[in-house]
Every structure is written in C-alpha cells, then in structure tokens.
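Derivation of every value follows stated rules applied to the coordinates shown; laboratory data play no part. These numbers come from a predicted model, not from an experiment. Neighbour counts are summed over all protein chains in view; Cβ atoms, including those assigned to glycine, are modelled from backbone coordinates with ideal geometry.
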Amino acid sequence: MNRILAGIIFFLFISTGYISFLVHERQQELQKLTHYTDSWSAAQLVSEYYRFESTLGLYANQSEALTIDDVRLRLDIMLSQSGLMKEGDLGRYIASNKAHHELALNVENILKYLDAHLERMDRSEIQVYLDKMHTLDAPLSHLSSSALDNDVNSINRANLKIQTLYYIYSAASLLLIILSGILGVMIFFQNRNILKAHLQVKSLAEELQKSKEKLQIQNTQLEYDVYHDSLTGMNNRQLFWENIKKVIQTAEKNGESVAVMLFDLDRFKEINDTYGHDVGDMLLRQISDRLVSMSLTADTLYRLGGDEFAFLSSGLTESSAVSRARQICASINQPYTIYNTIINIATCVGIVISDTERRSDYLYKFADLALYEAKSEGPGKIKVFRPFMLQKLQESRTLEHDLAMALANKEFVVYYQPIVDSFTREIYSYEALIRWIHPLKGLLSPDTFVPAAEKTGMINEMGKYVLEIACREAATWAVPAKISVNVSPIQLSSKAFAGIVLSILEESGLSADRLELEVTESSLFTENDTPLKTLNKLRARGVQISIDDFGTGYSSLSRLSKLAFDKIKIDKSFVHSISTQDDALNIIRLITGMAKSLNMKAVAEGVETQEQLERLQALGCDLAQGYLFGKPQPGIAGRIRNG
C-alpha cells in the first residue's frame with residue numbers, strides 16, 4: 001500500500017510539473033502569435049530605403065523644393081534603420097540567409113559611402129549612384145516578402161503546437177483527476193492502518209519507557225565504573241586527571257596553592273610474589289577501606305593503578321601537606337591480617353605544592369619526581385618536590401643523549417689496572433676499566449654513566465665495545481697475563497651474550513682461559529636462569545668467572561654452589577676498614593676461608609697501604625688490586641713485566 005501511495009504521489013508530482021511545463025510552453029507559443037518582428041522590421045527598412053531613394057532622385061533631378069539638408073535628413077533616418085539588419089530577430093534572419101546577408105552588406109556599403117561623400121557629390125554623380133541603388137530595389141522587396149512568409153510560417157507552427165499542447169494538457173488533467181480519486185480512496189484505507197499502527201506504537205512507547213529507565217540505571221552504573229576503580233571502588237586515574245584541572249582552576253580563582261601527593265607502596269611486588277595476587281588484591285581493598293574511613297573529601301583520594309595512590313587538594317601549606325601525608329601513611333602502615341597472615345607494608349610519598357604552576361601534567365611530573373627521590377632513600381620516606389629534582393632529571397636526559405652520541409663517536413676508552421699476587425707482587429691479570437672522554441666534562445669514571453647506560457639498554461653495546469678492545473689488546477701483550485672485564489646484569493640477561501663473547505675471542509685470537517668475566521651477585525641470583533646458563537656455557541669453553549663485590553649482596557653457599565666461580569673479589573669497603581674494625585677483618589677471614597674451601601682464589605680490591613697488604617697476607621688472601629700496585633692506565637698494560 002505504501003509503495004502504491006508513494007508511486008501515485010510521485011506520479012502526481014511529475015504530472016503537476018509537466019502540466020506547468022505545458023502551460024509555460026503554451027504561453028510561449030501564444031506570445032509568438034503576436035510577433036511580426038521580422039516582417040515588420042523588413043517592411044519598415046525597405047519603405048525607408050524607397051523614400052530615401054526617391055528623395056535622392058528628386059534632388060538629383062534639380063528639384064527646387066529639396067535641398068542637400070533634406071537629403072541628409074533622409075539619409076540619417078535610413079542609417080538609423082540600417083541597424084535593424086544586424087540586430088534583433090531581423091538581424092538573425094538575414095544572417096541565416098546568404099543572399100539576404102550579401103544584400104545587407106551592399107546596402108550598408110552604399111549608405112556608408114553616401115554618408116561620407118554626400119555633401120561633396122554633384123547632381124550628376126548622385127544620378128550615377130542612383131542607378132546602383134536601383135539594382136537593390138528588387139532584392140529588398142524579396143527580403144520583405146520572405147520575412148513576411150517566415151512570420152506567417154512561425155504563426156502556423158505556433159498554432160499547431162498550441163493545439164497539440166491543449167490535447168496533452170487535457171489528457172494529463174483527466175489523469176490527474178483519476179489519480180486523485182484513487183489517492184483519496186487509498187488514503188482512507190491508509191488512515192485505518194495508521195490508527196492500528198498508532199495503537200501498536202503506543203504499546204511500544206510504554207515498553208520503550210521501561211527500557212529507557214533500565215538503560216538510565218545502566219548508564220549511571222557505567223558512568224560510575226568509568227570514574228572508579230573496579231577493585232577498590234576508589235576514584236580512578238581518569239577522574240584524577242579531570243579533577244586536577246578543576247582543582248587548578250578553583251585554586252587560581254581563589255589565589256590558593258595546589259597540592260598533589262603520590263603514594264607508592266613499598267615491597268608490594270614482593271607480597272604479590274610471596275603470597276599471590278589474591279592476597280595483593282585483598283591488601284589493596286583493605287588499604288582503600290582505611291583511606292575512605294579517614295573521612296577525607298570523597299574526590300580527593302584516587303587509586304591510579306597498581307600500588308600507586310594519589311591525593312589532590314588546594315590551599316595547603318607545605319607543612320600541612322606533609323602532616324596530611326604522614327596521617328595517610330600512618331593509616332596505611334598499620335598491620336593487615338589476611339588469611340591469618342600478618343602483613344606489614346609502608347609507603348613512600350612524593351608531594352608538590354605550587355602557587356604558580358598551573359599545568360596538570362607538570363604538577364603530576366613534579367610529584368612523581370619527588371616520589372622517585374623518596375623511594376631512592378628507602379621505605380616510608382616523604383619528599384617534597386624541589387627544583388633540583390627536575391634538574392637531576394634533565395641532567396639524566398642530557399646524559400642519556402650524550403651517551404648515545406659517545407657510542408656513535410667512539411668517545412670511550414679502556415684503562416687497565418693490574419691484579420697482583422699478594423705475596424710475590426707478580427702480575428696475575430689486568431682489569432679492563434671503561435672511561436669516557438666527554439667533549440665538555442673531560443675524563444669520566446664508570447660510576448657517572450654506567451647506571452644510565454644500564455637503564456637505557458646502551459650497556460649492551462658499551463660492554464661489547466669494551467670486551468672487543470680489551471681482548472684485542474690483550475692478544476698483543478708480550479706477557480700472557482689474563483684480562484678481566486666487568487659484565488653488567490643487563491648483558492647477562494641476554495641469551496645472545498655467550499655467542500657475542502665467543503665470537504670476540506675468535507676474532508681477536510685471545511685464548512679463552514686468559515679471559516675473566518667479573519659479575520655481581522645481583523645479576524645471578526634472580527628468578528631468570530639465563531645468566532647462570534650463559535656463564536656455565538662460557539666456563540665450559542674455558543672462560544673464567546669472578547664474583548665481584550662479594551659480601552655486599554645476598555650471597556649464600558647454596559647460591560654459590562650453582563656456579564663454580566674461579567675467583568671471589570672482596571669489596572674494597574672491607575679492605576679499607578681492615579686496620580680499624582675487627583668486623584671487617586673477620587669478614588675477610590671468613591671470605592678467604594670460604595674461597596679456599598671451594599677451590600677459588602680470593603682477590604682484595606682497593607688495597608692502598610702496605611699495612612692493608614700485610615694483613616691480607618696474614619689472612620691468606622691470594623690476589624690484591626689497588627693504588628698500592630698501580631692506578632688504571634690507558635693501554636700500557638702490555639709494557640709491564642712480571643716482577
């Protein structure tokens with residue numbers, strides 16, 4: 001039904017438009033019936049031509065009734081009429097006929113000539129020119145009659161077209177009447193259908209209202225979920241970023257400061273790893289309950305994710321902000337009981353108080369820098385942002401950039417420090433130590449750039465570079481001393497490291513038993529077994545392994561048994577205190593005894609005095625290294641001889 005109605009309405013629309021077109025065409029044709037433009041203009045032109053010709057003839061026959069001025073007047077009239085041959089309907093008609101067009105040109109040429117020479121021509125010359133004008137009389141008469149025939153034909157065609165249009169108009173009008181009747185009947189039935197549909201829509205509207213109410217409830221819940229943490233129910237990170245902008249705007253209007261605090265739980269990962277993530281989740285929920293119970297404003301505390309929480313406020317002084325942070329920390333730090341297990345946890349806090357900074361991302365960044373500073377000092381610390389923290393970050397970024405440029409420009413050099421027999425002082429080996437010749441800062445020790453290299457991953461390329469230089473130079477030494485190279489935990493965690501070492505040994509020609517790799521305890525005793533597998537593979541190929549800075553980490557005999565080390569290096573902090581502290585002496589005695597029982601050599605680092613050396617000798621320490629035997633030097637180890 002709807003399609004039929006649409007078809008009829010569409011046809012009515014088209015028919016109405018077509019009838020309007022027919023009426024317009026009829027009006028156009030009726031207007032043509034009143035047009036005699038071509039014949040009238042042609043007759044007028046020819047009539048004026050004959051009058052001018054007659055006047056010119058009378059003047060040429062020396063009629064006393066005419067003067068040259070009378071002839072000029074008639075010529076001017078004729079000149080004004082000659083424009084009809086170029087313009088309007090007559091002009092288009094003449095242009096369409098070649099003979100008529102040539103006639104118009106001849107008339108125009110005659111008139112132009114007379115216009116230019118009439119006053120200078122005598123009557124005899126005019127008489128001669130009249131003969132030329134007489135030749136155009138017949139063509140002009142033909143032009144007038146043909147123009148009249150053309151108008152008559154146009155009128156006949158218009159009458160015929162009007163008659164045709166009348167028949168079409170009558171038929172279209174009748175069809176419109178029929179279609180209108182059909183449309184009326186169909187509309188009647190359609191209205192009945194619409195009434196039924198209205199009742200159905202009303203029922204549907206009621207159901208829709210119920211669905212709308214249900215959807216509103218769901219949207220409310222969804223909006224709540226968007227801005228709240230699913231685990232704890234606290235405000236989440238998204239709400240934090242929206243509210244921090246509002247807090248900043250309010251503080252700016254009221255001339256107040258903005259306070260942002262970031263809280264990070266200490267040892268939370270250890271709790272997850274030890275007790276499982278279920279316990280970790282329950283701990284976070286209990287922390288959330290405590291924070292909510294503190295009755296702070298509902299939208300000031302947030303869980304940003306993981307074990308990181310935040311606090312937003314305005315109008316706090318630095319002392320009141322620190323006091324508020326301590327209050328929150330005190331609540332968090334109370335023991336928790338989960339599955340009959342008592343769990344203690346602390347939190348570090350980073351705070352920023354700003355009266356001028358109004359950029360939310362910068363405030364968060366400053367609070368994060370303060371939190372990083374607090375965590376670096378140990379558990380439970382609270383730090384307020386200071387400009388030097390940002391300066392440290394910028395220096396760190398600059399250092400990382402300079403490190404990348406240094407690797408590209410090969411600004412690193414290798415220094416060598418001897419390791420000697422404690423009793424004979426014969427050179428046992430050399431330790432390869434990296435140095436950086438900075439373009440602006442000069443010579444830099446590893447402590448200033450190795451941490452940054454490890455953080456960015458550039459330590460892999462840097463370590464490979466040192467290993468290549470050290471092995472290549474050691475292969476050229478006259479005395480076949482061993483070469484010791486420090487290895488970063490980052491390098492050891494790579495499964496490709498063993499292949500890199502063996503490839504460098506092959507390329508340099510250095511025997512594997514002359515290479516010693518010094519590793520730290522922390523790089524070995526992790527959940528990842530890649531470092532131990534890598535070192536066992538290298539040791540099987542003849543490379544010796546030393547454990548560096550022994551005694552400063554978490555060493556144990558059970559851990560040491562996982563890898564048969566060749567040497568244990570005693571940290572210089574114990575060597576420096578050997579003369580003044582009995583504890584240091586006992587620790588060194590314990591280490592050297594353990595080394596002998598495990599068939600390892602003990603190496604004492606940082607030996608600077610003869611007294612330290614003698615005490616080490618008395619304890620049976622095998623090897624020693626320090627300024628007493630030689631400072632690190634660039635590329636001179638090969639010229640040192642035993643003894």
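Remarks
- In the chain, the longest principal axis of the Cα atoms and the axis of helix 582-597 are about 90 degrees apart.
- Convex hull projection area averaged over all views, the range 257-330, Cα basis, nm²: 5.0
- C-alpha long axis of helix 360-377 to longest principal axis of the chain, angle in °: 10
- Two-decimal Rg/Rh across the range 300-454, once Rg and the Kirkwood Rh are taken from alpha-carbon atoms: 1.16
- Neighbourhood charge, 15 Å Cβ-Cβ cut-off, centred on residue 285 and excluding it, Lys, Arg +1 and Asp, Glu -1: -3
- Cα shape, the range 425-497, gyration tensor, a/c 1.5 rule: oblate
- Size descriptors for the chain, from the alpha-carbon set: Rg then Dmax equal 55.2, 165 Å.
- Most to least packed among 261-269, 284-292, 161-169 [average Cβ atoms within 10 Å]: 261-269, 284-292, 161-169
- Stokes-Einstein diffusion coefficient of the range 365-497, Kirkwood radius over Cα pairs, 10 °C, 1.306 mPa s, in µm²/s: 92
- Summed residue charge, Cβ within 11 Å of residue 49's Cβ, Lys/Arg positive, Asp/Glu negative: -1
- Trypsin sites (Lys or Arg not before Pro) within the range 422-463, DSSP loop, no more than 16 other Cβ atoms inside 10 Å: 425, 441
- MRE, 222 nm, helices only [DSSP H, n ≥ 4, -39500 (n - 2.57), over the chain, to nearest 500]: -20500 deg cm²/dmol
- Loop GluC sites (Glu not before Pro), the range 60-166, which have at most 14 other Cβ atoms in a 10 Å radius of their Cβ (DSSP): 64, 87
- Rounded to the nearest 10 degrees, the angle from helix 459-474 to the longest Cα principal axis of the chain is 50 degrees.
- Inter-part distance where the range 365-379 and the range 196-255 are each reduced to a Cα centre, Å: 36
- Estimated dipole of the chain in Debye, rounded to 20 [Cβ of Lys and Arg +1, of Asp and Glu -1, Cα centre]: 1860
- Net charge, residue 394 excluded, C-beta distance under 14 Å - Lys, Arg +1, Asp, Glu -1: +1
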